[in-house]
Amino acid sequence: MSGQSDADRALQAWLGIESWLREHSPRGVSDLNAPASEADMMALESASGLLIPEALRVVLSLHDGEKGSSLYGNDFDFLSSREMAEHWRMHVAILDHLPLGALAGEFDPEIMSECDSGVRPLIANRMWLPIAENNGDVTRYIDFDPAPGGHLGQVIEVDPEATTWRVLAPSFGTYLADRRASLGSIP
């Protein structure tokens, strides 16, 4: 796997997830949206100012999100490119209403203990691209602004209510490969 690109890792993991779904959860396959068009992906990039990583672009070109089967597990819905742009706009709009301390990441030391190394403990960040959400308040992002020790393009989970910031994987391809592995083997 060392010579494999992140996009190849994502494609291989995605195909494995789809195969698992066909075998164990046919409704999950039917809940997958049609492919995103190049125009859909360009609209997301235009709205956010962020370039979609190739690994995510590969997956969006197969399926542009889902209709709610929680493909990413733990009730996280895989957002379509349109929903990613909407969530990004909503999260960035929060920045205009936060006190300066929240923007600077000035948090109580007890709260900081719930923040993985490499993640900025912010409520919102223009450099985070939402890819999945749970209950409208817990979001998984591709992080284009990691804290020292983090990885550009890492997948993070931010839960402002529980005040947790977690690194889930160093890249989107690895995140999908981990998700595929969590499903178990296909008989």
Taking region 118-134 on its own, how many of its residues are part of a loop (DSSP other than H, G, I, E, B), closer than 19 Å to residue 49 by Cα and open to solvent by less than 10 Å² (accessible area, probe 1.4 Å)? 1
When (1) at pLDDT 85 or above; (2) more than 25 Å from residue 6 (Cα to Cα); (3) touching a Leu at 6+ places or on another chain (Cβ under 7 Å) are applied to residue 115, the one that fails is (3)
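Matching residues to (1) in contact with an Asp or Glu (Cβ under 6 Å, 6 or more places away or on another chain); (2) open to solvent by 20 Å² or more (accessible area, probe 1.4 Å); (3) outside any helix (DSSP H, G or I):
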position: 136; (1), (2), (3): no, yes, yes
position: 141; (1), (2), (3): no, no, yes
position: 146; (1), (2), (3): no, yes, yes
position: 149; (1), (2), (3): no, yes, yes
position: 156; (1), (2), (3): yes, no, yes
position: 168; (1), (2), (3): yes, yes, yes
position: 174; (1), (2), (3): no, yes, no
position: 178; (1), (2), (3): no, yes, no
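Yes or no, residue by residue, for (1) over 14 Å from residue 176 (Cβ atoms); (2) out of contact with any Ser or Thr (no Cβ under 7 Å at 6 or more places or on another chain); (3) of a type outside the set (A, V, I, L, M, F, W, C); (4) part of a loop (DSSP other than H, G, I, E, B):
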site: 27; (1), (2), (3), (4): yes, no, yes, no
site: 40; (1), (2), (3), (4): yes, no, yes, no
site: 52; (1), (2), (3), (4): yes, yes, no, yes
site: 55; (1), (2), (3), (4): no, no, no, no
site: 58; (1), (2), (3), (4): no, yes, no, no
site: 64; (1), (2), (3), (4): yes, no, yes, yes
Could you check region 1-50 and list, in sequence order, the residues that are among the hydroxyl-bearing types (Ser, Thr, Tyr) and either touching a residue at least 40 places away in the same chain (Cβ under 8 Å) or under 14 Å from residue 63 (Cα atoms) (or both)? 5, 19, 25, 30, 37, 48
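The values are calculated or read from the model by the stated rules, or taken from the named source; none is laboratory data. Bear in mind that the values here come from a model prediction, so they are computed numbers and not experimental data. No Cβ is skipped: glycine too gets one built from the backbone with ideal geometry, and neighbour counts run over all protein chains shown. With ligands, DNA and RNA removed, areas are computed over all heavy atoms of the protein, side chains included. Shrake-Rupley method; radii C 1.70, N 1.55, O 1.52, S 1.80 Å.
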